[in-house]
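This report refers to the structure that appears directly beneath it.
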Amino acid sequence: MLFSNRPSNFFEMNGNTYRSNKSLKRRNRRNAGPVQQSILSGLIIEVLEERQMLSAAAFQPQIVVAGAVPAPGLTPHAVTPAAASAPYTPAQVTTAYGVNLISFGTVTGTGAGQTIAIVDAFNDPNIIGDTATFNSQFNLPQFNVSGGPTLAVLNQTGGTTPPTVNGQGWDLEESLDVQWAHSIAPQANIILYESNTNNDTDMDQAVATAAANPAVSVVSMSWGEGEFQGEQTEDPFVLTPTGRTGGVTFLAAAGDDGSPAIYPATSPDVVSVGGTALSIQTNGAYISESVWNNNNGHATGGGVSTLESQPSYQVGNVNGASTTNRSAPDVAMDADPNTGVYVRDTFGGGGWFQVGGTSLSTPLWAGLVAIANQGRALNGQTSLNGLTQTLPTLYGLPSSDFNDITAGSNGTFSATTGYDLVTGRGTPIANLLVPDLANSNINWSPTVAGPAAAATTQNTSLSFSGSNAITLTDQIAGTNTDSLTLSVSNGTLALGSTSGLSFTSGANGSASMTVTGTISQLEAAVVGLTYTPNAGYTGADSLSVLLADPLANVSASTTVALTVDGAPAITAPSSASVNQNGSLAFSTGSGNAISFTDAAAGSADSLTLSVAHGVLTLASTAGLTFASGTNGSASFTVTGTVANLDAALNGLIYQPVSGYVGSDSLLVSVTDPGDSLSASTSVALTVNILAPVITAPASASLAENSSLVFSSGN
């Protein structure tokens, strides 16, 4: 009967006083504030409020409380364990799902070195003490002791001053989240971010703060609200922030009121977690699971989003859900309050509770992802990015990694073989799934590929196609718009196609441009991308390519080292002289060598030499082919590699025509047939006349009346 001296939302049953769910129904949204709910024995539900307007909406925890329970005692031992009754202990749950068997080689999977962020609303002043009691009861590592994991409680901006409002029905949610993420990953650090209120603005701020913390690799969100127009504008809050070295995986509760699923679990950027009813033996051994449904309106959330598009990782992987929209959940774990778990919460009275809801299954999965990140760290890899790695991997893992739930429904959708709209791919066989998740090479981040280097010649364009093509990929973009930025310093760029593109900066044919379009349109644009160096420019340049997916907040880039080669260059003396009937050698040893360079040379260059009043003889003809003339003639053309031609020139001999005296000119011309560029020079030659020379002894003597003969013999 109702107490006459109490508000009508209180009632009495079995000698106890309860607060009915009536007080949790829709209130004036602009002045809405969460209400404190007494948690006593009996089934008590946190009811999701309808969303009326974005500015006044409030998230609600997805928690179902079976009631207050006595302090946990020892689990009875049996040779053949019987079916266990809830509430379950951490040891039972970790045994049921194989969490206690996770290892990476010789290292046990505990989440060591990882940090789980839990986002909830309002302050629970007793969370530290309650969690310490929970850890003592179940022999779990204590937080904040030497060598152990840490637990920090921060506000929505990362400060240590807690929200000014306590409880408001969220204290039990905070205890559940912290204690059961810790149960799954006992060595992981935990940061509880408490937002000032449960309104969108404050909760989004807390999520953003958590994601920006470089230590955080997992964010658990056991709350939600009905889908609403414009929810996509909040999706970026559940993406790995730009500039982080490691990724962040976001997990959200699919809801406790059956179909449809709730937001943010309907966001394609989060791992959406549904709920099951878990049956185990007293020793924790797994018996079976079915869809959680209490047949009182409270069951696992699930269904197809009315607003969010189907992400690429679900295409072809959600049998039974014929749609182009996002399906939820992705995975599931125990959530039925009748197969629920112990939670310690003393705020406002009470102590031990039996709790369920997707508020339970979400931190359980958060703990698993933290352990997977531990394995990745041991292998020298960064933490998983939820959108580009965790979600595609979950859909790519073998079915043997999951307990496939095929029994039960949430009142709208039924479990079936493979993926379904109530348990997703199923629940984890953690000792198989977590190492596979950790070792997966799946990464659906955008990619940009191209040659490391490319070259062209002065005043010649370079096309990127075929073997030196620029390629782009973005598997998560779908039909959304990506952004492509291209730039060079000493030339211009022309796209192979501009169909469907919008220029946000620069223009086609300029040195720098940014265009937007679908990934297929951008891929077409870079096929045949052309680089034209500035007129007369030679030297180094660099092509920068940046592909950004603004919705997923991920990007990829590459740089191509460009070289603009000039014409061949000839080194030769400006003049030289030789005596009549003599010979002149051009060589390194004589300090007057003729040589040339051609950075853009292909397999052969062409060398032409000529004089008017003499003949020319190469020092070597190895590897050369005479296109005209012959060695030892006045003019000839030879072809060969730069090395062979240089060897031929080092020791080139000029011999003037016999008796010739006067001027001559050595013409040297080099042509690169690959780019048709050439260079030439001339050496002014002087053939000096030889004056008469008399050779005679300085003196001679002879005897009187004798003769003297001047001869070579004398």
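The values are calculated or read from the model by the stated rules, or taken from the named source; none is laboratory data. A quick note: this is a predicted structure, and the numbers were derived from the prediction, not measured. Cβ coordinates were reconstructed from backbone atoms using ideal geometry, including for glycine residues, and neighbour counts include every protein chain displayed. The protein model used for the area step is the full one, side chains on, heavy atoms only, and it has no ligands, DNA or RNA in it. Shrake-Rupley method; radii C 1.70, N 1.55, O 1.52, S 1.80 Å.
At-a-glance table
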quantity	calculated
Residues of the range 275-298 satisfying the condition of being crowded, with 16+ Cβ neighbours inside 10 Å and within 19 Å of Ala91 (Cα to Cα)	Thr276, Ala277, Leu278, Ser279, Ile280, Gln281, Thr282, Asn283, Gly284, Tyr286, Glu289
Given (1) in contact (Cβ under 8 Å) with a residue 12 or more places away in the chain; (2) open to solvent by 10 Å² or more (accessible area, probe 1.4 Å); (3) under 21 Å from the mean Cα position of the chain (by Cα), index of the condition Val219 fails	(2)
Any hit, the range 86-97, residues being part of a loop (DSSP other than H, G, I, E, B), at pLDDT below 95 and in contact with a helix residue (DSSP H, G or I) (Cβ under 7 Å, 6 or more places away or on another chain)	yes
Sole residue being touching a helix residue (DSSP H, G or I) at 6+ places or on another chain (Cβ under 8 Å) and under 21 Å from Ser512 (Cβ atoms), chosen from Leu462, Leu484, Leu437	Leu484
Members of the range 265-284 that are among the aliphatic types (A, V, I, L, M) and farther than 20 Å from Thr406 by Cβ	Ala265, Val270, Val271
Among residues of the range 394-421, those that are assigned to a helix (DSSP H, G or I), surrounded by fewer than 23 Cβ atoms within 10 Å (Cβ to Cβ) and not small (Gly, Ala, Ser), counted	2
Search result, residues across the range 575-612 that are open to solvent by 40 Å² or more (accessible area, probe 1.4 Å), touching a Ser or Thr at 6+ places or on another chain (Cβ under 8 Å) and over 19 Å from Thr639 (Cα atoms)	Ser575, Ser577, Asn581, Ala612
Residue list for the range 324-341, restricted to those being under 10 Å from Ser305 (Cα atoms) and out of contact with any Asp or Glu (no Cβ under 8 Å at 6 or more places or on another chain)	Thr324, Ser327, Ala328
Residues located in the range 222-243, provided they are open to solvent by less than 50 Å² (accessible area, probe 1.4 Å), touching a helix residue (DSSP H, G or I) at 6+ places or on another chain (Cβ under 9 Å) and either under 17 Å from Ala117 (Cα atoms) or of a type outside the set (Phe, Trp, Tyr) (or both)	Ser222, Trp223, Gly224, Glu225, Gly230, Glu231, Glu234, Val238, Leu239, Thr240, Pro241
Residue check for Ser678: under 30 Å from Ala601 (Cβ atoms) and open to solvent by 50 Å² or more (accessible area, probe 1.4 Å)	yes
Residues (under 23 Å from the mean Cα position of the chain (by Cα) and either under 30 Å from Tyr660 (Cα atoms) or not in a strand (DSSP E or B) (or both)) located in the range 546-587	Pro550, Leu551, Ala552, Asn553
Top-ranked residue of the range 682-714 - restricted to ones that are open to solvent by 70 Å² or more (accessible area, probe 1.4 Å) and in contact (Cβ under 8 Å) with a residue 24 or more places away in the chain, ranked as farthest from Phe596 (Cα to Cα)	Leu690
Filter result for Val69 (open to solvent by less than 20 Å² (accessible area, probe 1.4 Å) and modelled with pLDDT of 50 or more)	no
Residue satisfying all of: in the range 556-574; open to solvent by 70 Å² or more (accessible area, probe 1.4 Å) and in contact (Cβ under 8 Å) with a residue 40 or more places away in the chain; farthest from Asn468 (Cα to Cα) among these	Ser574
All strands (runs of 3 or more DSSP E) inside the range 249-292 with 3 or more residues being under 26 Å from the mean Cα position of the chain (by Cα)	249-253, 271-280
Hits in the range 656-674 (condition: touching an Asp or Glu at 6+ places or on another chain (Cβ under 9 Å), farther than 12 Å from Gly582 by Cβ and buried (at least 20 other Cβ atoms within 10 Å of the Cβ))	Val670, Thr671, Asp672
Enumeration of residues in the range 361-391 that are touching a helix residue (DSSP H, G or I) at 6+ places or on another chain (Cβ under 6 Å) and either within 17 Å of Thr423 (Cβ to Cβ) or of a type outside the set (Lys, Arg) (or both)	Pro363, Leu364, Ala366, Gly367, Leu368, Ile371, Ala372, Gly375, Ser383, Leu384, Leu391
Qualifying residue in the range 130-137 (condition: part of a loop (DSSP other than H, G, I, E, B) and at pLDDT 95 or above)	no
Members of the range 335-360 found to be under 40 Å from the mean Cα position of the chain (by Cα) and assigned to a strand (DSSP E or B), listed by number	Val341, Tyr342, Val343, Arg344, Val355, Gly356
Failed condition for Ser658, given (1) under 25 Å from Gly566 (Cα atoms); (2) touching a residue at least 40 places away in the same chain (Cβ under 8 Å)	(1)
Any hit, the range 624-634, residues being more than 26 Å from Ser574 (Cβ to Cβ), among the small types (Gly, Ala, Ser), open to solvent by 70 Å² or more (accessible area, probe 1.4 Å) and in contact (Cβ under 8 Å) with a residue 40 or more places away in the chain	no
Residues (part of a strand (DSSP E or B) and under 18 Å from Val216 (Cβ atoms)) located in the range 98-129	Thr115, Ile116, Ala117, Ile118, Val119, Asp120
Residues of the range 144-179 satisfying the condition of being at positive phi and open to solvent by 10 Å² or more (accessible area, probe 1.4 Å)	Asn144, Gly147, Gly158, Gln168
Strands (runs of 3 or more DSSP E) (entirely within the range 427-545) containing at least 1 residues that are free of Cβ contacts under 8 Å to residues at least 60 places away in the same chain, open to solvent by 10 Å² or more (accessible area, probe 1.4 Å) and over 30 Å from Asp404 (Cβ atoms)	471-473, 482-487, 491-494, 502-506, 512-517
Pair list, Cβ < 9 Å and 6+ apart or interchain, from the range 661-681 residues that are closer than 18 Å to Ala627 by Cα and at pLDDT below 90 to residues that are of a type in the set (Ser, Thr, Tyr) and not in a strand (DSSP E or B)	Gly674/Ser603
